[in-house]
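Working notes, structure below.
Bear in mind these aren't lab numbers, they're just calculated from the coordinates by the rules spelled out. None of the values given here were measured: they were computed from a predicted structure. Virtual Cβ from ideal backbone geometry, glycine too; neighbours counted across all protein chains shown.
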Ligand code: PMV
C-alpha cells in the first residue's frame with residue numbers, strides 16, 4: 001500500500017469579546033445560543049493551531065500551550081474532530097498543536113479563538129475547503145462564541161443562526177478595547193457549566209433571555225450609527241444583565257474578584273471626569289473597557305494604577321481568521 005503524507009494546516013484566529021452577550025443555550029445538542037450576540041474581534045489576542053492527520057496514529061494527540069490534553073478535555077476535542085472526520089470521510093487521528101498568546105480559560109475567550117482556529121485548520125488539513133459560514137457553523141459546535149472568531153471587525157451571531165455574520169469592519173468604527181487582566185489563574189467554572197447552572201437555577205434567567213434581544217438591537221444600531229455613548233451604555237447593560245442572572249443562581253455564580261469591582265467603579269469615575277469608557281465582563285474576573293482611540297492612553301494609564309490589575313492590553317478590531325496549508 002502506498003502511503004502519502006497528508007498536509008499540515010496552520011490556522012490563526014483572534015479572540016473576540018462580546019458587547020452583546022451570549023449566555024445560555026436554546027438547543028444544547030446543536031449548541032444554539034438563547035440570546036443574540038455581537039462582538040469585537042481583537043487584534044492582540046490570538047490562537048495559532050496546526051493540524052495534521054497522521055496514518056497509524058491511535059488517537060488524536062493534542063497539545064495546548066505545550067501540555068498534552070488528556071481525559072475529558074481530550075474527549076471534547078476528539079468529538080469535535082469526529083465531525084470533521086465524518087464530513088471529509090477521513091478516518092485518521094490527528095496531531096494538533098495549539099498555542100494562545102494570552103492566559104487560557106480565564107475569561108479571555110480562549111475557547112472562541114481556539115475552536116475557530118481548530119475548525120479552520122482541521123477542515124483544511126482534511127482537504128475540505130468550506131465556505132466561511134460553514135466553518136463558522138462548525139466552530140459554533142465547539143463553542144458558540146467561536147463562530148464569531150472566524151470574522152474580523154464586529155461580528156454577530158443572531159438568534160437561531162447556525163453561523164456568525166460580519167456586521168461592520170473595524171475601520172467602520174475604530175474603537176479600542178482595553179483588557180484589564182486581574183489574575184493569570186484559570187477560572188473554576190467553565191462558561192458551559194456556568195450557563196447551564198444559571199439556566200437551571202436562576203429566577204432571573206428568563207428575564208435575561210427576554211431582555212437580551214432589545215439590548216442586542218440597541219448595540220447593533222449604535223455600532224452602525226457610530227454612536228459611542230449609546231453603544232457603551234448598552235454594552236454595560238448587556239454585561240450586567242448577564243451577571244445579574246448568574247448572581248441570582250442557586251448557589252450563586254460569581255466570577256468577580258474585588259479588583260473587578262474596583263475597575264468598574266474606576267471606569268464610572270473616569271467617565272464622570274470626562275473620559276468616555278464603558279466596561280464589560282465575561283465568565284471570568286477581567287474587565288474589558290471600550291473606548292475611542294483618542295482616550296486610550298489616558299484610560300490605560302489610569303486603569304493600570306488600580307490595585308490588583310496585572311496588565312492592561314490594548315486591543316483594536318482584529319482581522320478574519322486565516323490559514324496556511326503546507327505542501328506535502
Ligand atoms: O462560547 P462560550 O461557551 O465560551 O461562551 C461565551 C460566553 C461569554 O463569553 C460570557 C459571552 C460571549 O458571548 O462571548
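Calculated from the alpha-carbon coordinates, the chain shows an Rg and a Dmax of 19.6, 73 Å respectively. The C-alpha atoms of the range 205-257 occupy a region whose extents along the principal axes are 41, 26, 9 Å, arranged from largest to smallest.
Sorted into 10 angstrom bins from 0, the C-alpha pair distances of the range 270-318 split as 22, 60, 17 percent. Each part reduced to its alpha carbon centroid, the range 214-285 and the range 116-153 end up 28 Å apart. Treating only the Cα positions of the range 1-148 as identical point scatterers, give the base-10 log of I(q)/I(0) from the Debye formula at each q in 0.09, 0.11, 0.16, 0.18 Å⁻¹. Treating every Cα as an identical point scatterer, log10 I(q)/I(0) equals -0.27, -0.40, -0.83, -1.05. Is the C-alpha gyration tensor of the range 184-328 telling us rounded, prolate or oblate? Criteria: a/c under 1.5 is rounded; beyond that, a/b larger than b/c is prolate, otherwise oblate. Rounded.
At an R0 of 51 angstrom, the distance between the Cβ atoms of residue 211 and residue 86 translates into a FRET efficiency of 0.85. Against the main long axis of the alpha-carbon atoms of the chain, helix 110-125 sits at an angle near 30°. Judged by the mean number of other Cβ atoms found within 10 Å, the most tightly packed of the peptides 63-70, 88-95 leads the ranking 88-95, 63-70. With an a/c value of 1.5 or above and a/b not larger than b/c for the gyration tensor axes a ≥ b ≥ c computed over the alpha-carbon atoms, the range 1-48 is described as oblate.
Under 19 Å from a point placed 7 Å out from the Cα of residue 273 along the Cα-to-Cβ direction: which residues of the range 301-321 have their backbone N that close? Label zone hits: 301-313. Running Debye on the range 31-83 with equal point scatterers at the Cα sites and no solvent, what base-10 log of I(q)/I(0) appears at q = 0.12, 0.19, 0.21, 0.27 Å⁻¹? Reported log10 I(q)/I(0), two decimals: -0.45, -0.91, -0.98, -1.14. Both the radius of gyration and Dmax for the range 125-201 are 15.7, 44 Å, in that order, over alpha-carbon atoms.
What the Cα convex hull of the range 83-230 gives, in volume per residue, is 160 Å³.
Given only helices, namely DSSP H runs of n ≥ 4 each adding -39500 (n - 2.57), what is the per-residue ellipticity at 222 nm of the chain, to the nearest 500 deg cm²/dmol?
Numbers: 8 runs with 120 residues, N = 328.
About -12000 deg cm²/dmol.
Of the residues 135, 209, 51, the one with the fewest other Cβ atoms within 10 Å heads the list, and the complete ranking is 209, 135, 51. Determine the shape class of the range 243-328: with a ≥ b ≥ c the square roots of the Cα gyration tensor eigenvalues, call it rounded for a/c under 1.5, and otherwise prolate if a/b is greater than b/c, oblate otherwise. The shape class here is oblate.
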